[in-house]
1. Determine if region B:91-100 includes at least one residue that is of a type outside the set (Val, Ile, Thr), surrounded by fewer than 18 Cβ atoms within 10 Å (Cβ to Cβ) and part of a helix (DSSP H, G or I).
2. Scan (1) crowded, with 18+ Cβ neighbours inside 10 Å; (2) under 20 Å from B:ALA245 (Cα atoms) for the single condition B:PHE76 breaks and write down its number.
3. Which residues, counting only those in region A:57-95, are in a helix (DSSP H, G or I) and within 14 Å of chain B (Cβ to nearest Cβ)?
4. In region B:179-200, how many are surrounded by 15 or more Cβ atoms within 10 Å (Cβ to Cβ) and farther than 25 Å from B:THR118 by Cα?
5. Given the structure, is B:GLY271 part of a loop (DSSP other than H, G, I, E, B), in contact (Cβ under 8 Å) with a residue 40 or more places away in the chain and under 22 Å from B:MET329 (Cα atoms)?
6. Could you please let me know if A:ALA111 is surrounded by 15 or more Cβ atoms within 10 Å (Cβ to Cβ), away from chain B (no Cβ under 12 Å) and free of Cβ contacts under 8 Å to residues at least 60 places away in the same chain?
7. Before we move on, is B:ALA396 in a helix (DSSP H, G or I), away from chain A (no Cβ under 14 Å) and more than 22 Å from the chain's Cα centre (by Cα)?
8. Got a sec? Which of B:LEU317, B:LEU292 is over 28 Å from B:LYS65 (Cα atoms) and of a type in the set (A, V, I, L, M)?
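The values are calculated or read from the model by the stated rules, or taken from the named source; none is laboratory data. What you see is a predicted model; the values in this text were computed from it and never measured. Neighbour counts run over all protein chains shown; Cβ positions are idealised from the backbone, glycine included.
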Amino acid sequence: MSKIKQLSVFMENKKGELSDVMTLLSQNNVSIKSINLVDSADFGILKLIVDDEQKTKHILDDAGFSVKITDVFAVAIDDHVGSFHEVVSVLSQNDINIEYTYTVNNGQNGAFVFKVDAGDFQKATEALSKAGVQLLQKI
Amino acid sequence: MIWNKIESSPRETIEQLQLSRLKDTVQRVYALTPFYRHKFEQTGIKPEDIASLKDIKKLPFTTKKDLRAHYPFGLFTVPMSEVVRIHSSSGTTGKPTVVGYTRSDMEVWDEVMARVFTMAGTTAEDIVHNGYGYGLFTGGLGMHNGAQKVGATIVPASSGFTERQLMLMKDFGATILAVTPSFALHMAEVAKKAGPDYLKDYKLKAGIFGAEPTSKGLKEEVSKAWGIDYHEVYGLSEIIGPGVACSCKKSDLLHVFEDHFFVEIIDPATGEEVPEGQRGELVITPLTKQALPLLRYRTGDITSITKEPCRCGRTMLRMESIVGRTDDMLIIGGVNVYPSQIEHVISNAYGVTLNYQIIADKKGYLDKLEIHIEVSDEIVCDNVAQMENIKKSIQAALLSNLYINATVRLVEPRSIERSMGKAVRIIDKRKSDE
């Protein structure tokens, strides 16, 4: 299975907020594999991929954050012109809507993380595998 | 179940009783309260001028200010040897208002509260968990006495200590819950931590909720969170405490115990009576009070009344749930808004809770309204654009339903301060500039 569990955390845009979350996670020995933050004027959603998502969710829940675990998939970045386009076109040919995507560093290499509608998840990963795109088992 | 047959008697019988009791009350205050005698003399009114219920319009109003001006016992009509109980309001703005009860006042209070408990289906078989605060506040002891009168088993838990209260409710098998609606919701939030099937541990069938204005959405939320019938009780210490009115099983409207309380709805600006069904300020004249009889007490609560018969069989008129207070009505850019109307809009939104705070301010000469709303414990979507849409749809609903331009701000769960007793939902920064 190429399902990767991502934590999404609702955060208000206020001073020290991100630092508070990071302090909490490091004190609890959570190893963070990737961080992505998208924000609007007054709030943002922090997306984290960690070593133990259930434990991390409990920690954040107890600290009063609004948290959700989402299934995403990741593909390895092949460093040549048009590599992202190849992946996206497989999805679009299969009529799959991408809710959001971002890149992460994965050791020496990078990866694209994709979130699609839960109902399209299996269809998307199968289409990509068939097209020869390498799906990562973990980040 | 109906506690007293007067509750379902023909209206003529009730009105006859009201008239004779009103006449007694007027005689009593004229003879015993210098404050009222003086007012009667000023306007040239004599007790004999009250020949029908309509004549009540000739009587002067009483306000909270009058009670404060006679702090503490100035309006009592009996010697302290006959007063068996004192209660008082919280007095967050200045001196508290103090009320007293004779033995017969206590009997009236027990009686009307027994009617409330009976409306909620309470019998001697029931276990009543009473989470209203015991003390000077009338909530705790008022509920206590009513539950005792119907012979139920009372657990006098008082307020606070949520976890402990939940444990007692489970272990004792409480069937009736009596608390403020905001505390009931807070209790449910904590109870839900036990897992999705938390309700299996509880035996609750009905709840009696009051002491704060509550929107339909919040009532539904409480009712759903606990899987119970929602009965709303209304009252205020100046009149008696809880037990002026309560909603039955058949209707959301609250039956007023008219044989003890005469109600009118007036235009708060002019003091004139408004037509039946129209909203205005609730004015109450207690008809049987001994220690502290008041004439036409202006409650400051906004509601409407109807004399339409109710399917439950009671004939006593019904009032709608309090829409707001004459003093917490917000005027935003010339539009009148009650916080309960805003709450109703929030209750229809997706992905947010009913924990909110309304902040009114001025930007230059213009009114500015900001509403902070806590998102649900598990965010409904992790897409910023979709979350922005939730916020925008609430703003659009506020504009189209209430004609107000408000900025909604989504905030983290439990970031707005919680209250154990009454919820403080409004911060009006414009007032401090006056």
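1. Among the residues of region B:91-100, not one is of a type outside the set (Val, Ile, Thr), surrounded by fewer than 18 Cβ atoms within 10 Å (Cβ to Cβ) and part of a helix (DSSP H, G or I), which makes the answer no.
2. Single failed check for B:PHE76: (2).
3. Within region A:57-95, A:LYS57, A:HIS58, A:LEU60, A:ASP61, A:ASP62 meet the criteria.
4. Total satisfying the criteria: 4.
5. Judged against the criteria, B:GLY271 is a match.
6. yes
7. Yes, satisfied.
8. Just a single option satisfies the conditions, and that option is B:LEU317.
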